[in-house]
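Take a look at the structure set out below.
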Amino acid sequence: MKQLLLLILFLSVEQLVCAQEDSTTVTDKIALDGEEIIVDEKLGTINYKRIELGLNVTTVIASFVGSSSFDIDPGNFPFMFKIVGKNRKRALRFGLGLDVKLSQDDELNINTNTSSENAVHLKAGYEWRQQLHKRWTTYFGVDVLTAYQRDENKTRLSNEVITISQTDYSLGAGPVYGVLFDINKRLFLGFEGSFYATTTYSVEKEEFSLTSLFDREDSSWHQTASITVPKWLYLYVRF
């Protein structure tokens with residue numbers, strides 16, 4: 001239901017953008033191009049003019065066909081933001097994934113279990129694009145990603161509070177690739193795959209509020225590599 005509401009909101013924004021575009025004169029557009037696009041050949045810098053906002057709608061589509069194998073977690077970056085160059089052959093790209101969960105379970109008003117899950121995933125990168133057809137574009141790029149995740153379970157007894165937690169700090173990088181399909185000049189679809197390698201530092205703790213003698217803390221490093229085919233479907237709006 002949350003994904004469906006997000007999709008409805010996203011389409012509403014797209015309609016608003018199109019309405020604003022219709023009220024812009026040709027002279028205004030030329031003036032905007034002249035002011036916003038500046039290429040400095042000596043410095044090799046470009047002032048980008050076009051913004052692309054993307055929402056991962058894979059789960060919404062899968063729900064209509066009764067599939068539950070495409071659940072999106074924060075590490076799949078449900079939200080994308082891109083800043084595209086004038087010739088649309090390159091773009092700065094950013095991804096965001098958030099997750100906040102809190103649950104509480106009371107057992108006969110004697111013991112109380114509280115669980116929480118918090119995660120933040122961020123990535124930034126650069127992509128190069130090649131137009132294959134009037135509506136089809138392929139791209140290749142590279143991302144740097146980082147993540148913070150903490151899972152905690154707190155049990156309140158009559159005379160003790162026991163807290164068990166795990167905190168992960170991740171850093172990684174890798175190439176990305178995908179295909180874009182233009183529905184119109186404002187709305188388009190994107191399919192993306194990646195090959196990410198990450199290193200994670202994990203800290204596990206067990207803490208007792210009264211008997212700290214039994215407190216325990218362990219830490220570890222581990223590496224992962226994951227390859228994904230372009231199975232994630234994004235709906236984008238250009239501004």
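The values are calculated or read from the model by the stated rules, or taken from the named source; none is laboratory data. It should be emphasised that the depicted structure is a prediction, and the values quoted were computed from it without experimental measurement. Heads up, the Cβs are rebuilt from the backbone with ideal geometry, glycines too, and the neighbour counts pull from every protein chain shown.
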Residues satisfying the stated conditions in the stretch 128-157, i.e. of a type in the set (A, V, I, L, M) and more than 13 Å from Glu192 (Cα to Cα): Leu132, Val144, Leu145, Ala147, Leu157
Kindly establish whether Ser158 is over 30 Å from Gln223 (Cα atoms) and either touching a residue at least 12 places away in the same chain (Cβ under 8 Å) or over 15 Å from the mean Cα position of the chain (by Cα) (or both). yes
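Could you tell me whether the stretch 208-225 includes any residue that is of a type in the set (Asp, Glu), touching a Phe, Trp or Tyr at 6+ places or on another chain (Cβ under 9 Å), surrounded by 15 or more Cβ atoms within 10 Å (Cβ to Cβ) and outside any helix (DSSP H, G or I)?
Among the residues of the stretch 208-225, not one is of a type in the set (Asp, Glu), touching a Phe, Trp or Tyr at 6+ places or on another chain (Cβ under 9 Å), surrounded by 15 or more Cβ atoms within 10 Å (Cβ to Cβ) and outside any helix (DSSP H, G or I), which makes the answer no.
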Between a residue in the stretch 102-113 that is more than 10 Å from Ser158 (Cα to Cα) and of a type in the set (Ser, Thr, Tyr) and any residue that is modelled with pLDDT of 80 or more and part of a strand (DSSP E or B), which pairs come within a Cβ distance under 8 Å, given they are 6 or more apart or on different chains? Ser103/Thr114; Ser103/Ser115; Ser103/Ser116
How many residues, within the stretch 178-205, are in contact with a Phe, Trp or Tyr (Cβ under 9 Å, 6 or more places away or on another chain) and polar (S, T, N, Q)? 4
Identify all residues within the stretch 147-183 that are among the β-branched types (Val, Ile, Thr), farther than 20 Å from Trp232 by Cα and surrounded by fewer than 17 Cβ atoms within 10 Å (Cβ to Cβ); write none if there are none. Thr155, Val161, Thr163, Ile164, Thr167
Taking the options Gly174, Gly193, name whichever one is at pLDDT 95 or above, part of a strand (DSSP E or B) and touching a strand residue (DSSP E or B) at 6+ places or on another chain (Cβ under 8 Å). Gly174
So Leu235, is it part of a strand (DSSP E or B), closer than 19 Å to Gly95 by Cα, in contact (Cβ under 8 Å) with a residue 60 or more places away in the chain and not β-branched (Val, Ile, Thr): yes
